[in-house]
1. Positive end of the dipole of the chain, charges at C-beta (+1 Lys, Arg; -1 Asp, Glu), about the Cα centre: which of Thr178, Val203, Pro79 has its Cα farthest in that direction?
2. Is the shape of the stretch 1-76 best called rounded, prolate or oblate, per the rule: a/c under 1.5 gives rounded, else a/b larger than b/c gives prolate, else oblate, with a ≥ b ≥ c the square roots of the Cα gyration tensor eigenvalues?
3. Take the Cβ-Cβ distance between Ala62 and Asp25 as r, set R0 to 25 Å, and report the resulting FRET efficiency rounded to the nearest 0.05.
4. Given points 7 Å out from each Cα along the Cα-Cβ axis, report the Thr71 to Met173 separation in nanometres with one decimal.
5. Using only helices, what value at 222 nm comes out for the chain when you add -39,500 (n - 2.57) per DSSP H run of length 4 or more and divide by the total residues, to the nearest 500 deg cm²/dmol?
6. Could you work out the relative contact order of the stretch 13-209? I mean the mean sequence separation of Cα pairs under 8 Å and 6+ apart, divided by the number of residues, in percent.
7. Any idea what Rg and Dmax come out to for the chain if you just take the C-alpha atoms, in Å?
8. I need the shape label for the stretch 45-102. Rule: rounded when a/c is under 1.5, else prolate if a/b > b/c, else oblate, with a, b, c from the alpha carbon gyration tensor.
Amino acid sequence: MEIDETLSIREMRYVVIDTELTGLDERKDSIVSIAAIRMVGGRIDLEDTFYRLVNPETELTAESVIIHGITPSEVAKKPGIEKALSEFLQFCGNDVVVGHCVSIDLSFINREMKRMLGYTMKNHAVDTSAIYEWIQKKFSSRRAFPYSFTDSGLYDIAQFFGIPVNGAHNAVMDAFITAQVFQRFIPMLIDGGIKSIGDLLSVGNPSKGGDRSGASREMYGL
């Protein structure tokens, strides 16, 4: 998907995404909810949001319900992933996708897209986990981030910035938390010389980000 990589990161349109899952096993687990929030530069547009509950192909377990709070009765009459994903892709359009450890969300999304459509998502993507690690290395001498790399979970970073994490593990709230974290990162990126979308795509490459925190994996029983 073509974008102008010389465009300022303060001018680009982003869509910040999050999914809730029946578990983290890409071979057998499924999406149970999907959310997205639009950003233009550092401005979060709370009037331009997307949220869908999905009747998952994989049975919800007690362990997963404890995490995201979505019960089987809530999704029993909801559409399957086909309808939700079609609407999600329309919402995203050509915008740059942003997420925390976004490669996990994209792996589940792309698996379903490949099955239904024969291709995967073409949007450029950036990972706030990868951005965090870049910023920490860049500004280590300034003590900008007094955390070790093991504390790179979304909620740890959010709490450092004073961002409330109430409603955590709800896809909308996690997307909103991620958007606020990304909003805080933008001035730091510019201060570090990352001013264009091309620069951002390099430092925020999802392949450089980590997995979801070990705590989340333990809660899912993985």
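Values quoted throughout were computed directly from the atomic coordinates according to the rules given, and no laboratory measurement underlies them. Note that the coordinates shown come from a computational prediction; the quantities given were computed from them, not determined experimentally. Counting neighbours? That spans all protein chains shown, and the Cβs are built from the backbone with ideal geometry, glycine included.
1. Looking along the dipole axis, the top candidate is Val203.
2. In terms of gyration-tensor shape, prolate.
3. So the FRET efficiency works out to roughly 0.95.
4. That separation, rounded to one decimal, is 1.7 nm.
5. -12000 deg cm²/dmol
6. 25
7. For the chain, the Cα radius of gyration and maximum Cα-Cα distance read 16.9, 54 Å.
8. It is prolate, given that a/c is not under 1.5 and a/b is the larger ratio.
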